[in-house]
Amino acid sequence: MTGVLGALLASEGSNGLFLPADVNELYWSIVAIVAVLGLLWKLALPPIKKGLRDRTAKIEQQLGAAAKAKADALLEAERLRGSVGDAVADAARVVAEAHQSAQQLGVSLRARADQEAADLRTRAQADIEAQKVQAIADLQAEVAALASGAAEAVVRHNLDDATQSSLIDNYINQVGA
């Protein structure tokens, strides 16, 4: 079998799709490929590895910055939620204070209105009392005048029973009117 392989490799023409016509060409091609791969391994692989490490570090740095930005955003969101909660609490406190102030103002206005009404009643009763006293004084003056007039009439007339009765009736009629 080695004879067939040797004969195929030793022939001058192409021995197939992958085998060259000269075996030495095959050996030198393998040496050239190994040399190129060695050079690539020695010269190109370290910069490629360095580039990949740098890229990985840059991506990790960006991921760290993104995580920090996310944490900062979450903290800011929590702070804003707290601020909103504080604002809601402040608004509720302001509304409660306004409600309490309105109640106090209502109580104050009601007390002031009650006091003014009591003052008006007191003044009205004082006016009524003054008018009553004035009416009594006027009535007494009128009665005195009528009594004086009746006394004059009595003195002018003789006082008999009929005259006395007539004078009393006239006096009662005048007082009643």
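Any read-out appearing in this document is the output of simple, stated calculations on the displayed coordinates, not a laboratory observation. Because the structure is a prediction, the values reported are computed rather than measured. For neighbour counting, all protein chains shown are included, and Cβ atoms are generated from backbone atoms with ideal geometry for every residue, glycine included.
Observations on the model:
- Cross-link partners of Lys50 among aspartates and glutamates (Cα-Cα below 20 Å; sequence separation of 8 or more within a chain): Glu60
- Charge tally around Ala71: other residues with Cβ under 13 Å, Lys/Arg +1 each, Asp/Glu -1 each, net 0.
- Proximal charge balance of Gly82 [Cβ under 15 Å; K/R count +1, D/E count -1]: -2
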